[in-house]
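First the structure, in the form of structure tokens, and then the observations on it.
Each value in this text was obtained by applying a stated rule to the coordinates, not by laboratory testing. Everything numeric in this text was worked out from a predicted model, so none of it was measured. Using ideal geometry, Cβ is built from the backbone for each residue, glycine included, and neighbour counts are taken over all protein chains shown.
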Amino acid sequence: MTTPSSSPASLSAKATEFLNLHRAPEILQVVNVWDAISAKTIADVPGTRALATAGHSIASSLGYQDGTVPLDLMIDSISRIAAATELPVSADLDGGYGNAGETVRRAIGVGIIGANIEDRMEPLADSVAKMEAAVKAGEAEGVPFVLNARTDAFVRGAGRDPKEVLAEAIERGRAYLEVGASTVFVPGLFDEDTVRALVEGIGQKRLSVIGIPGSLAPARLQELGVARISYGPFTQRVALTALADTAADLLNGGVLPEGIRALN
């Protein structure tokens, strides 16, 4: 039974709100979460307007390698995150689990209003069909599902001519937008020229990127026309680095620092 907070009308409103955040002049920053408490913590930070899950981080927290979490377990994980906040939540749904439409339908059923789905550089026609199935699943559920279609052109482009990789990323991105994707996620460490070329090729406020050490600052990405920046597994790594450093300090005779906040 659908709860009031995840009724089709409520989810449709959240999806519309989430899409509008991508089209606004200000770049949308989503700080990735991996469980209910990380979701609650980030949702309460001033300036947070939406949340996105990190599949890699969820996998790590459950003892799996990235991309190997069983679908039922992933749906359970993202359902707990969606239930922890009233903000729009987009989920990392890996490669679509073999049936992107059905996976999106199940995600919507637990309160998710958008998703990343990877093309994994499968044949273009197959990738387009996968992205289209995800969009149509949202339509069938009465939710304008916000698909952040991911192309792994750069992630899997080592050893190739960078110009060819760029051209393929643009070609795939345009194809995904044509079948209803809201934005195109192109992960990688990019300089200004590459970001500019991607925006020119894919479209203003249609490009989504990842923030990693060495990335351009959000303000500059905004000036270049990027719609969205997320942080993938790096937010969990920051948290675990702090945990490891604290443990090391305690085991070497230290004490807990002042200023610890109760965030649960």
- Message: Restricting to region 243-262, name every residue that is loosely packed, with under 11 Cβ neighbours inside 10 Å and among the aliphatic types (A, V, I, L, M).
- Response: LEU243, ALA244, ALA248, LEU251, VAL255, LEU256, ILE260, ALA262
- Message: Against the conditions (1) in contact with a helix residue (DSSP H, G or I) (Cβ under 7 Å, 6 or more places away or on another chain); (2) over 28 Å from PRO8 (Cβ atoms); (3) aromatic (Phe, Trp, Tyr), where does TYR97 fall short? Just the number, please.
- Response: (2)
- Message: Just to be sure I understand the filter: pairs with C-beta atoms under 7 Å, separated by 6 or more residues or on different chains, first member in region 6-24 and without any contact (Cβ under 8 Å) to a residue 24 or more places away in the chain, second member exposed (fewer than 15 other Cβ atoms within 10 Å of the Cβ) and in a helix (DSSP H, G or I). Which pairs pass?
- Response: SER10/PRO4
- Looking only at region 71-107, which residues are crowded, with 23+ Cβ neighbours inside 10 Å, in contact with a Ser or Thr (Cβ under 9 Å, 6 or more places away or on another chain) and of a type in the set (A, V, I, L, M)? MET74, ILE78, ILE81, ALA82, VAL89, ALA91, LEU93, ALA107
- Message: Checking the condition over 18 Å from THR183 (Cα atoms), surrounded by 22 or more Cβ atoms within 10 Å (Cβ to Cβ), touching a helix residue (DSSP H, G or I) at 6+ places or on another chain (Cβ under 9 Å) and of a type in the set (S, T, N, Q), which residue from SER38, SER61 passes?
- Response: SER38
- Message: Return the residues of region 237-256 that are within 21 Å of VAL33 (Cα to Cα) and among the aliphatic types (A, V, I, L, M); say none if nothing qualifies.
- Response: VAL238, ALA239, LEU240, ALA242, LEU243, ALA244
- Message: Being more than 14 Å from LEU240 (Cβ to Cβ) and surrounded by 15 or more Cβ atoms within 10 Å (Cβ to Cβ) is the filter here; which residues of region 42-57 pass it?
- Response: ILE42, ALA43, THR48, ARG49, ALA50, LEU51, ALA52, THR53, GLY55
- Just one of (1) without any contact (Cβ under 8 Å) to a residue 24 or more places away in the chain; (2) in a loop (DSSP other than H, G, I, E, B) trips up VAL165, so point out which. (2)
- Residues located in region 15-69, provided they are among the hydroxyl-bearing types (Ser, Thr, Tyr), within 16 Å of the chain's Cα centre (by Cα) and under 22 Å from GLY225 (Cα atoms): THR48
